[in-house]
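The values are calculated or read from the model by the stated rules, or taken from the named source; none is laboratory data. From a predicted model like this one, the values you see are computed outputs, not experimental measurements. Glycine gets a Cβ as well: all are built from the backbone with ideal geometry, and neighbour counts include every protein chain shown. We work out accessible area using only protein heavy atoms, side chains counted, and drop any ligands, DNA or RNA first. Shrake-Rupley method; radii C 1.70, N 1.55, O 1.52, S 1.80 Å.
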Amino acid sequence: MNRPLLYLDVDGPLNPYAAQPERRPEGYITLRVPRNAALVDEVSLSPRRRPLRVWLNPEHGRALLRLEYDLCWATTWMDEANRWIAPTLGLPGLPFVDFGDALFRERPDRVHWKTAPLVEHAGGRPFAWVDDEQTEADRAYVDAHHEGPALLHHVDPRIGLRDDDLLALADFAGTLDDSHGAGPRPAHQDGVTAAPSRSWHR
């Protein structure tokens, strides 16, 4: 069985853009990216044309590579993440989801514009998706349209990816049945034993 996919958003989980603007988080370095070099998330857009300030923690690259996942960008940066983000984190060039016409397109059902393309890209393969904009509508959509196990893991954009987030990702990967690919085994969540299901939510 293939390893699960890990869909990575940049702005929020890896770049804690909502942190106090005058105080770079400990362990992070500052990257200045020309604003015309990437389609940044709407929350990061500014009418000023100064370079985009991106905070990145190089330790995240090593930590992500240690996880039992195949990494894939799921960000408005798309392939530009391989130019600007991956080298700073020490990541190799990664595949990315091309959102095409879905980029920033609002849906009447309030499902995030990334959700349907990610489900289609996964094609039933188990996946985890790390982002700062997921809602219950996205979880419901994944439950209804994705045949395999899935973890939608929200990260606070004020603090970015932390050790407990990485532990949640490792825990989810560890619950998958590697021998049969039939879905996850029971897992402990917040002290409660969860029955097997097609989707894990934290």
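Quick notes on this one:
- Enumeration of residues in the range 53-78 that are open to solvent by 10 Å² or more (accessible area, probe 1.4 Å) and out of contact with any Gly (no Cβ under 9 Å at 6 or more places or on another chain): Arg53, Ala63, Arg66, Leu67, Asp70, Leu71, Met78
- Sole exception among (1) modelled with pLDDT under 95; (2) open to solvent by less than 60 Å² (accessible area, probe 1.4 Å) for Ala137, by number: (1)
- Residue count, the range 1-37 (criterion: under 30 Å from Val142 (Cα atoms), surrounded by fewer than 18 Cβ atoms within 10 Å (Cβ to Cβ) and touching a Pro at 6+ places or on another chain (Cβ under 7 Å)): 2
- Residues (touching a strand residue (DSSP E or B) at 6+ places or on another chain (Cβ under 7 Å) and not aliphatic (A, V, I, L, M)) located in the range 132-153: Asp132, Gln134, Asp138, Arg139, Pro149, His153
- Yes/no for Ala128 being in a helix (DSSP H, G or I) and among the small types (Gly, Ala, Ser): no
- Long-range neighbours under 7 Å by Cβ, at least six apart or interchain, first residue part of a loop (DSSP other than H, G, I, E, B) within the range 1-17, second open to solvent by 10 Å² or more (accessible area, probe 1.4 Å) and among the hydroxyl-bearing types (Ser, Thr, Tyr): Tyr17/Ser44
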